[in-house]
Amino acid sequence: MPKLNINGRIRDVQVEPDTPLLWAIREQVGLTGTKYGCGVAQCGACSVHINGELQRSCSMRVSDVKPSDKIVTIEGLSRNSSHPVQKAWLAVDVPQCGYCQSGQIMAAVSLLKKNPKPTDKDIDEAMTNICRCGTYQRVREAVHMAAGNGNGTRARSADRASRRS
Amino acid sequence: MKKIVFGNTAKFTRRKFIVGSAAAAGGGLALGFNPFGAIGEAAAQAANGGAELGIWVVVKPDSSCVIRIARSEMGQGTLTGLAQLVAEELGCDWKKVTTEGLTPNRNLAAKRVWGNMSTGGSQGIRQSQDYGRRGGAVARMMLLQAAADQWKVLVGELTVASGVITHAASKRSTTYGKVAAAAAKLTPPDPKTIKLKEPKDWTIAGKPMKRLDTADKLNGSKVYAIDVKLPGMLHAAIKASPVFGGKLKSVDEAKIASMPGVKKVVKVSDNAVAVVADTWWRAKTALDALPIVWDEGEGAKASDKTIAEHLKSGLAATETNGERIHGDAKAAIAGAAKKVSATYSTPFLSHACMEVGNCTVKLSDGKAEAWLPTQNLEASLAGLSTASGLPLAQCEIHRHDLGGGFGRRGGTQDYIHQAVAIAKAMPAGTPVKMIWSREEDQAHDFFRPISICEMSAGLDAQGNMVGFQMRLSGQSINAQLNPAGIVRGKDMRQLQGYYEAPGDAQLGYTVPNLLLEYAMRNTHVPVGPWRGVNTNQNGLYMECFIEEVARAAGKDSLEFRRSMMSKHPKHLAVLNAAAEKGNWGKPLPPGVHRGIAQFMGYGSYSAATAEVSVSPQGKLKVHRMVLALNCGHAVNPSQIAAQVEGSVAYGLGATLYGEMRVENGRMVDLNFDTYEILKLAEFPKVETVIVPTHDFWGGVGEPTICVVAPAVLNAIFAATGKPVRTLPIKDQKLTAA
Ligand code: FES
Ligand code: FES
């Protein structure tokens, strides 16, 4: 029976070896923060970290993962949503429907680990997750905030939304 | 006994329970009765030991306030906006506000005291703000009265701020939490008699408050319907006839019988087949391996080409299905000094909500339950009742926020019918979760209607537009979902945005000779509302063509528009705001060009400017967009900006990439590899300019999408010297001028 190391716990998963990691995580382990969006590595909703690397779990088989590989899902990112990326996401009020946001956050964490001070261009290249609600501007801003680039290179959308009467 | 303090007992209008749109695709329910028989006025229960004050507010001993929300939340932020409006009148501490989502069962049991739960047409706030605010005020008045009774003073001598009630003369104060229990014993005042606060005095509404529903979206703990887990639950994958209108002929069950986890193959209605297994992945794997024979029917002969021909026939048709006429446009154009004409077209589009279609159903002894993403909880309840054959009182819908809606999940409750059919085939009491693969979700949508539009205009010697003629030919949403909306063959909904009447979707131009006509050309492809319903295509047609006419007249795009807008001051003000913030007429970096557009939909006025460049290799880049919006009252400027940004992502993605192609009667683009979605790198810098005039309530979620495509296309025209008349842009060669 395949074993997976997820968020620091070893889990037995009773699945065929070619089962996508995503579905083992969602259906066997029961962690549903990792989302299904496309199943073909296009959207990033299923993003997790494996040994610190960003991976689209819909397109990896359970048999591609060794029991020693450390898988981290959105649930295992921090206690109490205390990761700087999660905090920045809250401060910037990024999510709309929220469905893509687990993946967005996992991608942002991975980007910042490799590149603590990303430029807009770095963010363009790294943040390729689909958001149908269109939270991109706030995703960018929150990545900058988490990186400690002031309040982001752009003004807050909310502040920009000037009101005249 | 309840003490009547305000002279009026609460009387709530008895509304009929009518789920109109469900009647079409959902298989039909229009109910005008109370299925539970006589029930007392106050069927609502207090939540978790708090004191219920009227129907919208529960106050707890620690002064925290629970505000009830009837409308669905799918990311559009209605939940927070509605809570702000109720809290504003309630006068509570915003930091102590939480919300409670109502279910359709509770609403129905209470004779729909919470009103319409349907969430579409950008109506979530504008159609509930009045009774929501009154509900907040009712609770405030009860709390103040309770304090006044306790202190034996006149209620008029009390003031309240952030949930603290003060009697200045005697220097006493108390909190909402302390008087809540006493307040709950009072009879609520008649909401209709209450004078609401002036928006200029708002302190909670009108402010860029953070959303109340963010926390569980950051750590994976939010449970969408697709995440539901129930004891003993099985999973279903489904495939409906890829050709619309096709039927299921046969399947070879034996081929997959021994595959792991497979429990059953279920024929669903006459056009779909599902595999039920112990996990969804196993169900899907088996379904993919299942040999299926379809009777594809007539639909299989249809393709993009045949559909295009069909639409073209509408351009020449003598019979039309809706028109707006002033003067004699044909004669004016014929006699004009200069004539301009063009034909535009837009394709079918899928909604592609990030959460795919899904529905979990449990049928047990005399009870049906469903968990699903829905923009219309009451239509879901009605759909569950129809599909299960059980009366409404024995049906229950569990409420979940949606992973996107965009118009896909309103009255059309196709998934609930499928999920019930599957659950019926399994032993009673077995919950079954049906999930559509992304491919199934793309194949079976109610797509944005396809249309083409031929326009001509005549200019006089001074370059004034003296005549304008339009023939729109395309598919009708009403024909698909609401035939009653077509009156004597006329379907004015397809002319949304071109209306003469003010208020909802009025054309902002005055042209002396005007002829706008719609020819209905339906296809076998099901269509439905798609964010900015009809206005996003109609805005593009009108505003891109006006651009062509302005250029033919040798006039500035902004000035040309302005010259026809003196009778439409609100349209004009928004256009001016976009032009000003968008630096219209000011120099741009080399190679960057501007476009502008204005249009109206969903009760709000929108305008936009776009700055684009086209590289020598023909690569398009949208650098910056400024969107101006007058939605009347701006309940949460930060969330309005979020919706505007969202409309850019949705609208620009459609402009660049969106196209659902039809081949052999079925959809071709079944996943994001060919149905490309706009990503962060292509998202321009978006600036939102809110210019509320505070004299009406307009929508927010949809209005601005109708100016996104035309502003960008007009900027491309400026960059290349050639209009783009067909969407999407992706396969077209752009050449910098
Ligand atoms: S579900 Fe894995 S990338 Fe979309
Ligand atoms: S927040 Fe809804 S898809 Fe990204």
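The values are calculated or read from the model by the stated rules, or taken from the named source; none is laboratory data. Treat the numbers as computed from the prediction; the structure is a model and nothing was measured. Neighbour counts are summed over all protein chains in view; Cβ atoms, including those assigned to glycine, are modelled from backbone coordinates with ideal geometry. Please note that ligands, DNA and RNA were not included when accessible areas were found on the heavy atoms of the full protein model with its side chains. Shrake-Rupley method; radii C 1.70, N 1.55, O 1.52, S 1.80 Å.
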- Query: Which residues of segment B:341-365 bury at least 50 Å² of accessible area once all protein chains are present, versus their chain alone (1.4 Å probe)?
  - Reply: B:MET354
- Query: Roughly what % antiparallel, to the nearest 5, for the DSSP beta bridges in segment B:419-518?
  - Reply: 60 percent
- Query: Mind listing the phi-derived Karplus ³J(HN,Hα) values for segment B:129-141, rounded to whole Hz, using 6.51, -1.76 and 1.60 with θ = phi - 60°, and x for any glycine or proline?
  - Reply: 4, 5, 6, x, 5, 4, x, x, 5, 4, 5, 4, 5
- Query: For the pair B and A, how large is the buried accessible area, both sides, in square angstrom to the nearest 100, if the probe is 1.4 Å?
  - Reply: 5600 Å²
- Using alpha carbon centers only, segment B:677-720 is separated from segment B:648-667 by a whole-angstrom value of 19 Å
- Based on DSSP, what percent of beta bridges with both residues in chain B are antiparallel, to the nearest 5? 75 percent
- Note on the structure: The extension gain from B:ASP295 to B:TRP202, computed as 0.36 nm times the residue separation minus the Cα-Cα distance, is 27.4 nm
- So how many Å³ per residue does the convex hull of the Cα atoms of segment B:213-296 work out to? 130 Å³
- Message: Greater than 19 Å separation of Cα atoms is the criterion. Which listed pairs, A:LYS121/B:LYS679; A:LYS70/A:LYS121; B:LYS60/B:LYS210; A:LYS3/A:LYS70; B:LYS229/B:LYS433; B:LYS60/B:LYS192, meet it?
- Response: A:LYS70/A:LYS121; B:LYS60/B:LYS210; B:LYS60/B:LYS192
- Message: Placing one identical point scatterer on every Cα of chain B and ignoring solvent, what is log10 I(q)/I(0) from the Debye formula at q = 0.10, 0.11 Å⁻¹?
- Response: -1.05, -1.21
- Looking only at other chains, what is the average number of their beta-carbon atoms within 10 angstrom of each beta-carbon in A:22-34? 4
- Sum -39500 (n - 2.57) across every DSSP H segment of at least 4 residues in chain B, then divide by the residue count to get the 222 nm mean residue ellipticity, nearest 500. -8000 deg cm²/dmol
- Once both label points are put 7 Å beyond Cα along the C-beta direction, the B:ALA736-B:LYS255 separation in nm becomes 5.4 nm
- Task: Please find the FRET efficiency linking B:LYS367 to B:SER221, where r is the Cβ-Cβ separation and R0 is fixed at 35 Å, and quote it to the nearest 0.05.
- Result: 0.80
- Item | Longest exposed-site-free window of chain B, the sites being GluC sites (Glu not before Pro) in a DSSP loop that have at most 12 other C-beta atoms within 10 Å | B:1-318
- Would you mind checking which residues have amide H under 5 Å from B:THR175's amide H? H placed 1.01 Å from N; only 5 or more apart, or other chain. B:ILE165
- For the protein assembly as shown, percent of DSSP beta bridges that are antiparallel (nearest 5) comes out at 75 percent
- Message: Take B:LYS722 and B:ASN522, extend 7 Å from each Cα along the Cα→Cβ direction, and tell me the distance between the two endpoints in nm.
- Response: 3.8 nm
- List the residues of segment A:112-134 that lose 40 Å² or more of accessible area once all protein chains are present, compared with their chain alone (1.4 Å probe, heavy atoms only, no ligands or nucleic acids). A:ASP124, A:ILE130, A:ARG132, A:CYS133, A:GLY134
- Query: With chain A treated as a Gaussian network of Cα nodes joined by springs under 10 Å, which of A:SER47, A:SER81, A:SER68 yields the largest mean-square fluctuation?
  - Reply: A:SER68
- Message: Relative contact order for chain B: what percent, with Cα pairs under 8 Å and sequence separation of 6 or more?
- Response: 14 percent
- Message: Given the C-alpha atoms of segment A:5-147, compute the convex hull and give its volume per residue in Å³.
- Response: 99 Å³
- Query: Measuring with a 1.4 Å probe in the full set of protein chains, what accessible area per residue, in whole Å², belongs to segment A:1-114?
  - Reply: 37 Å²
- Query: Hey, what's chain B come to in accessible area per residue, 1.4 Å probe, Å²?
  - Reply: 35 Å²
- Item | In order through segment B:477-492: 3J(HN,Hα) via Karplus (6.51 cos²θ - 1.76 cosθ + 1.60), integer Hz, x for Gly, Pro | 6, 4, 4, 7, 10, 8, x, 5, x, 9, 10, 6, x, 9, 10, 5
- Query: Carbon and sulfur together cover what percent of the accessible area of the protein assembly as shown at a 1.4 Å probe radius?
  - Reply: 52 percent
- Query: Between A:LYS70 and residues 5 or more places away or on another chain, which pairs have amide H atoms under 5 Å apart, with H built 1.01 Å from N, and which residues are they?
  - Reply: A:ASN51
- Message: How charged is the neighbourhood of B:GLU611? Take every other residue with its Cβ under 10 Å from the Cβ of B:GLU611, and add Lys/Arg as +1 and Asp/Glu as -1.
- Response: +4
- Over segment A:3-77, relative contact order from alpha-carbon pairs under 8 Å, at least 6 apart, %: 40 percent
- Message: Can you list the residues in segment B:217-233 whose accessible area drops by at least 30 Å² when all protein chains are present, compared with the chain alone? Use a 1.4 Å probe, heavy atoms only.
- Response: B:LYS217, B:LEU218, B:ASN219, B:GLY220, B:TYR224, B:ILE226, B:ASP227, B:LYS229
- Calculated FRET value between B:ALA393 and B:ALA337, using beta carbons and R₀ = 60 Å, to 0.05: 0.30
- Ignore the peptide's own chain and count Cβ atoms of other chains within 10 Å of each Cβ in B:637-648; give me the average, rounded. 6
- Query: Taking Cα atoms of segment A:3-77, Rg/Rh with Kirkwood Rh, to two decimals?
  - Reply: 0.90
- Task: Would you mind computing Rg(Cα) / (2.2 N^0.38 Å) for segment B:616-696, counting N as its residues?
- Result: 1.43
- Using label points projected 7 Å from each Cα along Cα→Cβ, tell me how many nm separate B:GLU100 and A:GLU53, to one decimal. 5.0 nm
- To the nearest 0.05, what FRET efficiency results for A:ASN80 and B:THR166 with a Förster distance of 30 Å applied to their C-beta separation? 0.25
- How big is the protein assembly as shown by Rg and Dmax over its Cα atoms, in Å? 27.9, 85
- Karplus (6.51, -1.76, 1.60) ³J(HN,Hα), θ = phi - 60°, over segment B:592-604, in Hz, Gly and Pro reported as x: 9, 10, 10, x, 9, 7, 9, 6, 10, x, 6, x, 10
- Task: Would you mind giving the mean number of other chain beta-carbons within 10 Å of the Cβ of each residue in B:254-264, as a whole number?
- Result: 1
- Rank by packing, highest mean first: peptides A:3-10, B:143-150, with packing defined as the count of other Cβ atoms within 10 Å averaged across residues. B:143-150, A:3-10
